[in-house]
Amino acid sequence: MSDYGDDSSIAAFATAPGKSALTLIRCSGKGSIELLSSVFSPAKIKDAPGNTIIHGWILEEGTINKKVDEVLVSVFRAPKSYTGEDGFDVSCHGGHAAGKAVMAVLKNAGFRGALPGEFTFRAFMNGKIDLTRSESVMELVSAKTEISRRHAVSRLCGSLQKEIGEIKTQLVQVHAGAEIFLDYCEDEISADAEEMEGRLPNRELALVALGRLRKLSASWQFERIYQEGVTLVIAGRPNAGKSSLFNLFLKEDRSIVTEIPGTTRDWIEAFVSIEGIPVRLIDTAGLREAPCAVEKIGVERSRKLLQEADLVLYLIDGESGITAEDEEYTGAIHFDDCSAADLRQNAGQSEKSNFPFLILWNKCDAAPLPQPFPVVNVNPICISAKTGEGLTELYAAITSAILKKDAGINFDEHSSASIGTIRQKNLADAACSRLKEALALAEQNEPLDLIAPLLREAVNSLGEITGEVSTADILEEMFSKFCVGK
């Protein structure tokens with residue numbers, strides 16, 4: 001069983017085999033180009049300089065009369081390659097057969113199959129990228145929306161590495177100040193130095209670093225949403241317009257829409273992007289006392305989905321007005337005394353319910369919102385699922401409800417460095433915790449020999465984020481989650 005860390009020649013598909021114009025096979029390792037020359041014509045490819053493309057044939061058993069496929073080989077030379085090693089990419093014909101045949105020839109020539117993430121692992125080990133950039137490679141591959149792609153590219157360009165490096169530099173200065181004081185012999189301590197006993201040198205710098213760490217940690221809640229997405233459930237009475245709104249989000253007739261109550265007997269889902277956020281959108285059965293057993297099952301499933309949702313859109317049929325069923329549902333929700341703008345900003349979050357929600361007044365094109373609204377302290381968002389009126393305002397309210405800001409943290413997703421994985425989040429929290437503990441001890445005038453180790457631990461946690469501090473088992477665990485060929 002091969003393991004991470006050797007320098008043998010490896011090969012893997014960089015594209016999924018299937019019906020396509022091209023299939024790309026990536027290869028890397030010491031002596032890999034020389035190995036290729038034994039099954040490639042012309043054999044002079046072993047002398048090809050880096051960053052060149054050579055046209056030729058892959059040969060079975062290196063015999064010119066046994067051609068396997070006509071290919072283009074992109075040659076890369078160490079250290080100017082992705083992995084920092086000699087390597088090449090083979091562009092062969094698409095389809096299942098051609099790529100498999102070329103891969104079989106390469107393995108017979110001495111290449112072994114690459115482990116998941118092994119190319120990026122070698123790039124890290126050879127100093128081409130740090131761990132934050134390594135992880136951003138898979139974030140980019142997994143990106144579901146334009147915003148998540150843009151954030152991954154920002155980390156791939158080094159935004160997070162730069163921010164961590166700057167914070168670490170600040171903490172190193174604070175730690176060095178404490179260690180210097182501790183290095184004084186008792187007979188060398190001056191009167192000024194005695195006044196430092198129990199205090200933290202460069203305390204203001206430590207506070208700045210703590211603020212940056214808190215902001216960085218808070219960014220994970222936004223990144224998690226953009227990466228993993230949220231579940232949004234559309235609920236309401238039968239014929240409130242739930243399926244019409246579902247189709248409006250999708251811009252296609254996915255759910256059946258009729259005037260017959262209870263048409264939607266079970267929930268239906270689809271994935272959409274709302275303001276760059278991946279959303280699992282669910283259309284549910286109308287909430288009512290179901291007249292038949294089948295619809296009753298659908299209603300029960302709808303109620304269960306409400307408890308699992310990240311956000312609920314509750315529709316009120318404007319033409320029918322607020323019914324007893326609407327009042328029964330909304331009456332179970334506690335509304336704070338707030339304006340329409342506040343409701344949209346806070347998503348009407350309830351102390352009694354387990355989910356944030358938005359109340360929508362549907363069919364506003366035919367039935368304007370009554371003034372004042374019958375339910376005290378509730379100001380619904382007016383929409384028309386039929387015409388699309390109010391959709392822009394609804395998008396803004398949904399985005400505001402999902403991206404709730406933590407108190408005291410002002411995170412600008414357009415300009416700030418952000419955390420991209422839970423590993424990075426946990427290490428940033430660890431550094432933040434150690435630094436807070438060190439500052440608390442300093443406030444209590446505790447000796448520096450208790451504070452300095454905490455500062456060292458904080459610095460080491462930041463080093464683990466970028467990979468300056470790492471262990472073999474942690475690296476293997478992390479890269480084994482990558483796809484093969486990366």
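The values are calculated or read from the model by the stated rules, or taken from the named source; none is laboratory data. None of these values were measured; they are calculated from a predicted model. As a convention, Cβ positions derive from the backbone with ideal geometry for all residues, glycine included, and neighbour counts pool all protein chains shown.
Identify, please: which residue in segment 20-31 is assigned to a loop (DSSP other than H, G, I, E, B) and under 16 Å from Asp69 (Cα atoms) and is, among those, modelled with the lowest pLDDT?
Let us first name the residues in segment 20-31 that are assigned to a loop (DSSP other than H, G, I, E, B), namely 20-21, 29-31.
Still in the list and also under 16 Å from Asp69 (Cα atoms): 20-21.
Numbers: Ser20: 89, Ala21: 92.
Among those residues, the one meeting the criterion is Ser20.
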Which of the residues that make up segment 37-56 are over 17 Å from Ser91 (Cα atoms), in a helix (DSSP H, G or I) and touching a residue at least 12 places away in the same chain (Cβ under 8 Å)?
Lys46
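Would you tally the residues in segment 119-141 being of a type outside the set (A, V, I, L, M, F, W, C), assigned to a helix (DSSP H, G or I) and out of contact with any helix residue (DSSP H, G or I) (no Cβ under 7 Å at 6 or more places or on another chain)? So that I can check it myself, show each step before the final result.
Let us first name the residues in segment 119-141 that are of a type outside the set (A, V, I, L, M, F, W, C), namely 120, 122, 126-128, 130, 132-136, 139.
Cutting the leftovers down to assigned to a helix (DSSP H, G or I) gives us 120, 122, 132-136, 139.
Checking the rest, the ones that are also out of contact with any helix residue (DSSP H, G or I) (no Cβ under 7 Å at 6 or more places or on another chain) come to 122, 135.
Qualifying residue count for the region: 2.
Counting only residues that are polar (S, T, N, Q) and under 20 Å from Glu70 (Cα atoms), how many does segment 1-19 have?
So in segment 1-19, the residues polar (S, T, N, Q) come out as 2, 8-9, 15.
When the remaining residues are screened for being under 20 Å from Glu70 (Cα atoms), the result is 15.
So the answer is 1.
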In segment 419-478, residues that are closer than 19 Å to Ser217 by Cβ, among the aliphatic types (A, V, I, L, M), assigned to a helix (DSSP H, G or I) and in contact (Cβ under 8 Å) with a residue 12 or more places away in the chain total 14
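From Ala176, Ala114, which residue is closer than 29 Å to Leu72 by Cα and either of a type in the set (Gly, Ala, Ser) or at pLDDT 90 or above (or both)?
Numbers: Ala176 fails: closer than 29 Å to Leu72 by Cα.
Every option except Ala114 fails the conditions.
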Under 25 Å from Phe121 (Cα atoms), surrounded by 15 or more Cβ atoms within 10 Å (Cβ to Cβ) and of a type in the set (Ser, Thr, Tyr) - does that describe any residue in segment 40-58?
no
Name the residues in segment 93-122 that are buried (at least 23 other Cβ atoms within 10 Å of the Cβ) and of a type in the set (Gly, Ala, Ser), would you?
Gly99, Ala114, Gly117
